[in-house]
Amino acid sequence: MDRLFDKHFTLLHKSLDFRFLRQNMLAANVANAETPGYKAKDLVFERALGKAMHAHEPGPLRVTDPRHFDGRDAKPLELVTPTTIRSGNPVGSLDGNSVDLEREMAKLGENQVVYQVMSQIISSRLRSLRHVITEGER
């Protein structure tokens, strides 16, 4: 590993940040389940993170100068941002609210589990790093 924190650690960190933001957005949907006219929102970021993981790979076009574009439309991992979309029940309710409470609760649960798993992975990697620093061996 040539850097202290490689792109996989950066991916985990960004994913964790986005999961936190998504949890807040989903919780706002649940809190507004009875608010007339409220439109449910969600946060998507997985595809953008996946593309960014391969941003360093050469694109389909040959470049002869570093200032040339290589035809790849991928942001570096550090610059990826999530996208807010409309979510919820496409039919909606008579008062214009689009929150599907069951769906939002399921998303909250899934998001929380993924967040916890990612937190555990990061903690494990940091423990390994601390072990290497304090013990001088893996």
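The values are calculated or read from the model by the stated rules, or taken from the named source; none is laboratory data. It should be emphasised that the depicted structure is a prediction, and the values quoted were computed from it without experimental measurement. Don't worry about glycine lacking a Cβ; one is built from the backbone with ideal geometry, like all the others, and counts go over all protein chains shown.
Listed values, structure above:
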{"item": "Single residue of region 82-138 satisfying the filter (among the acidic types (Asp, Glu) and assigned to a loop (DSSP other than H, G, I, E, B)) that is surrounded by the fewest Cβ atoms within 10 Å (Cβ to Cβ)", "result": "GLU137"}
{"item": "Restricting region 22-42 to residues that are touching a Leu at 6+ places or on another chain (Cβ under 6 Å) and over 8 Å from ASN97 (Cβ atoms), the residue that is surrounded by the most Cβ atoms within 10 Å (Cβ to Cβ)", "result": "LEU26"}
{"item": "Flag for ASN111 being closer than 21 Å to ARG22 by Cα, modelled with pLDDT of 95 or more and not β-branched (Val, Ile, Thr)", "result": "yes"}
{"item": "Residues being more than 20 Å from the chain's Cα centre (by Cα) and of a type in the set (A, V, I, L, M, F, W, C) - total across region 101-125", "result": "1"}
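Okay, residues lined up against (1) at pLDDT 90 or above; (2) of a type in the set (S, T, N, Q); (3) part of a loop (DSSP other than H, G, I, E, B):
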residue: PHE5; (1), (2), (3): no, no, yes
residue: THR10; (1), (2), (3): no, yes, no
residue: LYS14; (1), (2), (3): yes, no, no
residue: MET25; (1), (2), (3): yes, no, no
residue: VAL30; (1), (2), (3): yes, no, no
residue: THR35; (1), (2), (3): yes, yes, yes
residue: ASP42; (1), (2), (3): yes, no, no
residue: ALA48; (1), (2), (3): no, no, no
residue: ALA52; (1), (2), (3): no, no, no
